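Q: Right, I'll just put the structure down here and ask away after.
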Amino acid sequence: MQSAASFLPSRAPGAAAEIQSVEPLLRIRDVSKKFGSLEVLKSINVDVSPGELVFLIGPSGSGKSTLLRCCNRLEEATSGSIRFDGSEVLDPKLDVNALRRRIGMVFQSFNLYPHMTALSNVTLALRKVLGKSGPESKTIAMAALERVGLAHKASAYPAELSGGQQQRVAIARGLALEPKMMLFDEPTSALDPELVGSVLATMRSMREAGMTMLVVSHEMRFAREAADRVVFMEGGVVVEQGPPAQIFGPDAQPRTRAFVSNEDR
Amino acid sequence: MDILFQQFFNLDIMSKALPLILEGLKTTLLICLVVIPLGILGGILVAVGSMAKSAVARRALALAVDLMRALPPLVLLILIYSGLPFLGLRLSPLAAVSIAFFLNNAAYYGEVIRAGIESVPNGQWEAARSTGLRADQTFVWVVLPQALRNVLPDLISNTVEVVKLTSLASVVSLQEMLYSADMARSLTFNNSPVVLAAIIYFVMLWPVVRIVSRLENASAK
Ligand SMILES: Nc1ncnc2c1ncn2[C@@H]1O[C@H](COP(=O)(O)OP(=O)(O)O)[C@@H](O)[C@H]1O
Ligand SMILES: [Mg+2]
């Protein structure tokens with residue numbers, strides 16, 4: 001039997017070179033967004049490769065949420081291009097519902113459906129979007145809840161769960177659809193400090209399982225240890241992006257350093 | 001004093017009128033069974049319509065709702081029952097009542113349900129849409145259930161009003177409870193049958209009214 005590696009063309013070794021050659025899963029090019037006359041995104045360029053965890057940091061109002069929301073068309077970019085998994089996200093003819101099946105999103109305020117159990121929160125899209133049967137969607141949903149460590153809370157309502165548990169159910173709701181990528185908009189900002197760890201642990205295990213993630217967050221410690229790349233935004237522009245060692249290191253640009261040291265307190 | 005008692009609480013007459021009044025009650029319940037679901041459905045349509053993208057459509061709907069709210073339901077019912085035949089449309093009394101109540105109730109339920117829909121945070125829409133649900137699926141499975149629950153006291157209050165209004169059906173000679181009671185009154189020259197009908201209305205609606213104030217107190221806390 002041949003090993004997979006022998007199919008690859010031989011070339012100079014080096015993992016970094018190989019990662020570079022991989023087509024990005026998400027490719028944001030020259031994206032701008034205006035709300036009326038207010039330009040909140042100015043020609044943004046960001047790539048996310050398969051399996052990468054990219055962190056998006058920056059002061060409040062710098063356009064981080066807007067950029068995430070342009071990626072799944074909750075917000076319409078004014079100009080530019082966003083390629084995701086072979087298709088142009090900004091194409092007006094694109095089937096947005098089909099796109100959203102392949103990009104999960106997790107919100108700061110969880111946004112679980114309060115009138116449904118944790119299990120039903122997860123099965124709803126499986127049934128209505130993917131058209132799976134009741135028993136099949138239940139099996140998939142239980143597996144997703146298992147992955148976030150909450151299978152035992154399947155029949156609980158959101159109001160009966162802690163914030164951290166609610167956010168993990170929200171993650172399971174996204175995971176169950178087996179998206180190629182997940183977007184996180186400040187997933188731990190609404191949590192009591194003692195509950196943050198459980199959500200970050202879930203995100204870490206997703207990363208280990210190979211999930212591609214674009215994360216807006218103020219958890220600088222987590223960014224430092226878990227991110228492949230950190231993008232620093234301010235005033236609607238990307239000021240600097242690079243590996244955590246660069247962004248959090250002494251050679252980062254002055255504006256980046258000022259923001260990071262202020263966040264670290 | 002005794003004459004008053006004989007005139008309003010004559011148990012003998014009440015027991016004789018009871019079968020007729022119970023027949024009327026059946027019709028009253030039948031009317032409720034038709035007009036309440038229809039009204040709620042109409043209310044949902046009005047609420048959805050008032051979120052329409054087209055400003056012209058929203059204006060037109062708002063005007064129609066205002067008209068229905070300003071028009072006494074009795075006038076509407078008589079217009080439909082005795083007016084439509086001139087346009088070549090003969091309606092049964094129940095059909096006339098159903099249409100009149102649909103138009104009137106849709107306007108009132110519509111206001112209540114619209115407030116309910118507005119009370120559901122935008123994040124609910126966004127979360128559902130971000131999993132690939134279409135707007136209509138999001139509305140039916142995520143937003144509407146929460147909307148109805150959020151305005152449940154108002155919804156029930158409005159329904160109590162609808163039940164009371166079903167007595168209007170007597171004017172198109174639909175033999176609901178008040179019609180039957182009034183018939184018994186004119187046959188016996190005694191008011192006791194009407195008092196009996198009043199008692200039945202009260203027994204039916206009082207628990208519902210209690211539930212509403214419970215719910216209102218609970219949500220005020
Ligand atoms: N729907 C909107 N309408 C108008 N302005 C908006 C809207 N959403 C966001 N903004 C503005 O866009 C800017 C960027 O917001 P946002 O993307 O939420 O920033 P961040 O997530 O980095 O805090 C802010 O100035 C904000 O007020
Ligand atoms: Mg934000």
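The values are calculated or read from the model by the stated rules, or taken from the named source; none is laboratory data. This is a predicted model, so every value here is computed, not measured. Virtual Cβ from ideal backbone geometry, glycine too; neighbours counted across all protein chains shown. To get the accessible areas, we keep the full protein, side chains included, count just its heavy atoms, and leave off ligands, DNA and RNA. Shrake-Rupley method; radii C 1.70, N 1.55, O 1.52, S 1.80 Å.
Q: Mind grabbing the base-10 log of I(q)/I(0) for segment B:60-101 at q = 0.26 Å⁻¹? Debye formula, identical points on the C-alpha positions, no solvent, two decimal places.
A: Rounded to two decimals, the profile gives -0.87.
Q: In the Gaussian network model of chain A, springs joining C-alpha atoms below 10 Å, which of A:Pro24, A:Pro244, A:Pro92 carries the largest mean-square fluctuation?
A: Of A:Pro24, A:Pro244, A:Pro92, the Gaussian network model singles out A:Pro92 as fluctuating most.
Q: Same structure, new question: Looking at the square roots a ≥ b ≥ c of the eigenvalues of the Cα gyration tensor of segment A:102-168, which shape do they give, rounded for a/c under 1.5, prolate if a/b is larger than b/c, or oblate?
A: Prolate, since a/c reaches 1.5 and a/b exceeds b/c.
Q: Which residue fluctuates the most in chain A, going by a Gaussian network model with Cα springs under 10 Å, if the choices are A:Asn97, A:Asn121, A:Asn72?
A: Between A:Asn97, A:Asn121, A:Asn72, it is A:Asn97 that shows the largest mean-square fluctuation.
Q: Moving on. What distance in nm separates the two pseudo spin-label positions at A:Asn262 and A:Glu76, each 7 Å out from Cα along the beta-carbon direction?
A: The two pseudo-label positions are separated by 3.4 nm.
Q: Then there is this: Could you give the Stokes-Einstein D for segment A:33-159 in µm² per second, using the C-alpha Kirkwood radius, 10 °C, 1.306 mPa s?
A: 93
Q: Are there residues in segment A:95-112 whose accessible area shrinks by at least 30 Å² when all protein chains are included rather than the chain by itself, and which are they (probe 1.4 Å, ligands and nucleic acids not counted)?
A: Those residues are A:Asn97, A:Arg100, A:Phe107, A:Asn111.
Q: Within the accessible area of chain A, what % is carbon and sulfur when the probe is 1.4 Å and the other protein chains stay in place?
A: Answer for chain A: carbon and sulfur cover 50 percent of the accessible area.
Q: What spacing in nm lies between the two simple spin-label points modelled at B:Ser15 and A:Leu94, each 7 Å away from Cα in the Cβ direction?
A: For B:Ser15 paired with A:Leu94, the spin-label model returns 8.0 nm.
Q: So what's the projected area for segment B:1-124, the Cα convex hull averaged over all directions, in nm²?
A: 12.8
Q: Still on this structure, I have one more. So what is the diffusion coefficient of segment B:73-170 in µm² per second by Stokes-Einstein at 37 °C and 0.692 mPa s, using a Kirkwood Rh over Cα pairs? Mind showing how you got there, number by number?
A: Working: Rh = 15.6 Å.
My calculation gives 210 µm²/s for D.
Q: At 1.4 Å probe radius, can you tell me the per residue accessible area of segment A:50-181 in Å²?
A: Numbers: 4950 Å² over 132 residues.
Averaged over the residues of segment A:50-181, the accessible area is 38 Å².
Q: Top mean-square fluctuation among A:Gly134, A:Gly80, A:Gly235, Gaussian network model of chain A, C-alpha springs under 10 Å?
A: A:Gly134
Q: Moving on to the next point. Principal axes first, then extents: for the Cα atoms of segment A:123-229, list largest minus smallest coordinate on each axis, whole Å, largest first.
A: Sorted from largest, the Cα extents of segment A:123-229 read 42, 30, 19 Å.
Q: Order A:Lys153, A:Lys64, A:Lys180, most accessible first, counting only protein heavy atoms with a 1.4 angstrom probe. Mind dumping the intermediate values first?
A: Working: A:Lys153 60, A:Lys64 10, A:Lys180 100 Å².
Sorted descending by solvent-accessible area, the residues read A:Lys180, A:Lys153, A:Lys64.
Q: Let me ask something else. Roughly how far apart, in whole Å, are the Cα centres of segment A:100-161 and segment B:151-203?
A: 48
Q: From the C-alpha coordinates alone, can you work out the Kirkwood hydrodynamic radius of segment B:2-220, in Å? Numbers along the way, then the final one.
A: Values: mean 1/r = 0.0511 Å⁻¹.
One over the average 1/r among Cα pairs gives 19.6 Å for segment B:2-220.
Q: Over segment B:101-221, what portion of Cα pair distances is larger than 18 Å, expressed as a whole percent? Let's see the in-between values first.
A: On the way: 4763 of 7260 pairs.
Looking at segment B:101-221, the distances longer than 18 Å represent 66 percent of pairs.
Q: Show A:Asp251, A:Asp264, A:Asp91 ordered by accessible area, largest first, where the area counts protein heavy atoms only and the probe is 1.4 Å.
A: Ranked list, largest accessible area first: A:Asp251, A:Asp264, A:Asp91.
Q: Separate question: Please compute how much accessible surface disappears when B pairs with A, both sides summed, using a 1.4 Å probe, and round it to the nearest 100 Å². Let's see the in-between values first.
A: Working: alone 12830 and 13010 Å², together 24170 Å².
That pair hides around 1700 Å² of surface in total.
Q: From other protein chains only, count the Cβ atoms within 10 Å of every residue's Cβ in A:118-131, then give the mean.
A: 3
Q: Here is a follow-up. Could you compute the FRET efficiency for A:Ser205 and A:Ser133, with r as their C-beta to C-beta distance and R0 at 25 Å, rounded to 0.05? Walk me through the numbers on the way to the answer.
A: On the way: r = 28 Å, r/R0 = 1.13.
Working from the Cβ atoms, E equals 0.30.
Q: In Å and from the alpha-carbon atoms only, list the Rg and Dmax of segment A:38-101.
A: Answer for segment A:38-101, Rg first and Dmax second: 12.2, 34 Å.
Q: Also, I was wondering about something else. For the pair B:Arg210 and A:Ser37, how long in nm is the line joining their label points, each one 7 Å along Cα→Cβ?
A: 6.3
Q: Where nothing but the Cβ of Lys and Arg (+1) and of Asp and Glu (-1) is charged, how large is the charge dipole of the protein assembly as shown around its Cα centre, in debye to the nearest 20?
A: Here the size comes out at about 560 debye.
Q: Then there is this: I need the helices of chain B that pass two filters: whole DSSP H segments spanning 24 Å or more by Cα along the axis, and mean Kyte-Doolittle score no lower than -1.0. Working shown, then result.
A: Numbers: long enough: B:11-49 (53 Å, 1.83); B:93-118 (37 Å, 0.83); B:192-220 (40 Å, 1.32).
Helices passing the filter in chain B: B:11-49, B:93-118, B:192-220.
Q: Once all Cα-Cα distances of the protein assembly as shown are split into 20 Å bins that start at 0, what whole-number percent is in each one?
A: 19, 39, 25, 14, 4, 0
Q: Here's another thing I want to ask about it. Calculate the mean, over all residues of peptide B:119-130, of how many other protein chain Cβ atoms lie within 10 angstrom of the residue's Cβ.
A: Counting other chains' Cβ atoms within 10 Å and averaging over B:119-130 gives 6.
Q: Can you give the direction-averaged projected area of the convex hull of the alpha-carbon atoms in chain A, in nm²? All intermediate terms of the calculation are to be shown ahead of the outcome.
A: On the way: hull surface 69.4 nm².
Convex hull of Cα atoms, orientation-averaged projection: 17.3 nm².
Q: Cα gyration tensor of segment A:187-247, axes a ≥ b ≥ c as square roots of the eigenvalues: rounded (a/c below 1.5), prolate (a/b > b/c) or oblate?
A: oblate
Q: Give the accessible area for A:Val22 in Å² (nearest 10); use a 1.4 Å probe, count only protein heavy atoms, and leave out ligands, DNA and RNA.
A: 70
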